[in-house]
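**Q** The structure follows.
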Amino acid sequence: KICVVGSANLDLNTYTNRLPVPGETLHAHRFTMGYGGKGANQAVMAARLGADVVLVARVGNDLFGRDMLAHLRTEGIDTRRVTSTDGVPTGTAVITVDDAGRNTIAVTPGANGLLAPADVDAARSAIESARVLVCQQEVPIETNLAAMRLAVEAGVPVVFNPAPASTTIPAEAYRLSTVFCPNEHEAAVLTGKPVESPEEAEAAARELMARGAHNVVVTLGARGCVVVTARDVTALPAPAVEAVDTTGAGDAFIGSLAFFLARGDDLMTAAQRANRIAAISVQSPGTQTSFPRAADLPADLVE
Ligand code: ADP
């Protein structure tokens, strides 16, 4: 079983020839809605691989919130700890994409901003009985810390994904991270140094470990990831694929990593397999729509 504490958003995507300027109304040629939020994405990825997943989250008591709950249930996720909240909207990302692929994005955290340590207390037994706890940064940090403390006290490994990027993270969050897993941009923002090559990723990982993280996995887009533990460093290249849409690749990676760790794989094996699954996700459009299911994967990946 995997417990994910995090965000759930509806993505509202509008496609226009060019981005509108202030005061302008443009005709859009397409509109789509997508399920998002890093917490929900990672939960869905792990569930599609076959994990029992409990999501601890908040949605609004509104159309989007009800739709999100129904969607999560369809994915087989345990939603008993997803609280429908009066008086706030479900989190949304309003996205405009132009013909050149440029975008503007406005995220309203809504109910995600109200996910509180009390919600974590209510989910205590789910956290303590999990094989892995997964947290990201789209909900208040006190909430993440509360969950991570419970997990660590119960001997449950914690995967912490410091996304979206922030310049500072409380020292305790590093110490509570069994696996601290930023992408190159987040690693660069946290260390204040460029992170582009596997060598730079290793240097950043060492610095994050000096701050208390037990193990670090830095994802490097098409170049895969670098895994740094107290004992060794391994650069794991991603399979060479034709990427059509990398949105959500990081979430596919984290959700898969959690799945394989929960199943008992060592960190290196889990990261290698997560690389392969994330590389599959970049070959089709959308976020959750691009996440594969266990049945669609080569047998050696999910056994
Ligand atoms: P994020 O989505 O957070 O920016 P990354 O870009 O680092 O994260 O991608 C996460 C993972 O997705 C990578 O470690 C890799 O496994 C996979 N991935 C991303 N882009 C590609 C690509 N172009 N080809 C193959 N794999 C990719």
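**Q** Can you tell which of D86, D78, D52 shows the greatest fluctuation in a Gaussian network model of the chain with Cα springs below 10 Å?
**A** Result for the chain, Cα springs under 10 Å: D86 fluctuates most.
**Q** Right, another one. Contour minus end-to-end for R73 and R293, with contour as 0.36 nm per residue of separation and end-to-end as the Cα-Cα distance?
**A** 77.6 nm
**Q** Using 1/(1 + (r/R0)^6) with R0 = 22 angstrom and r between the beta carbons of R175 and E142, what's the FRET efficiency to the nearest 0.05?
**A** Rounded to the nearest 0.05, the efficiency is 0.90.
**Q** Continuing with this model, one more query. Placing unit charges on C-beta atoms (Lys and Arg positive, Asp and Glu negative, everything else neutral), compute the dipole magnitude of the chain about its Cα centre in debye, rounded to 20.
**A** Its charge dipole is roughly 360 debye.
**Q** Read phi for every residue in the stretch 273-282 and hand back ³J(HN,Hα) as whole Hz from Karplus 6.51 cos²θ - 1.76 cosθ + 1.60, θ = phi - 60°, with x for Gly and Pro.
**A** After applying 6.51 cos²θ - 1.76 cosθ + 1.60, I find 5, 5, 4, 5, 6, 4, 5, 5, 5, 7 Hz.
**Q** Relative contact order for the chain: what percent, with Cα pairs under 8 Å and sequence separation of 6 or more?
**A** For the chain, the relative contact order is 17 percent.
**Q** How far apart, in nm, are the 7 Å Cα→Cβ label points at L63 and R206?
**A** About 5.5 nm, to one decimal.
**Q** Also, quick follow-up: Using the Karplus curve 6.51 cos²θ - 1.76 cosθ + 1.60 with θ = phi - 60°, what ³J(HN,Hα) values do you get for each residue of the stretch 95-112, in whole Hz, with x for Gly and Pro?
**A** Computed from phi, the couplings for the stretch 95-112 are 10, 10, 10, 9, 5, 8, x, 6, 9, 10, 9, 10, 9, 9, x, x, 4, 4 Hz.
**Q** Give the relative contact order (percent, whole number) for the stretch 194-303; include only Cα pairs under 8 Å separated by 6+ residues.
**A** Relative contact order for the stretch 194-303 comes out at 21 percent.
**Q** Could you calculate the contour length gain from A243 to A28, that is, 0.36 nm times the residue separation minus the distance between their Cα atoms, to one decimal place in nm?
**A** Full-extension gain reported as 74.9 nm.
**Q** Next question. Evaluate the distance, in nm, between pseudo-label points positioned 7 Å from the Cα of V152 and of V94 along their respective Cα→Cβ axes.
**A** The answer from the label model is 3.9 nm.
Since every read-out is calculated from the coordinates, none of them should be taken as a lab result. Nothing here was measured: the structure is a model prediction, and the numbers come from that model. Note that we place each Cβ from the backbone using ideal geometry, even for glycine, and neighbour counts take in every protein chain shown.
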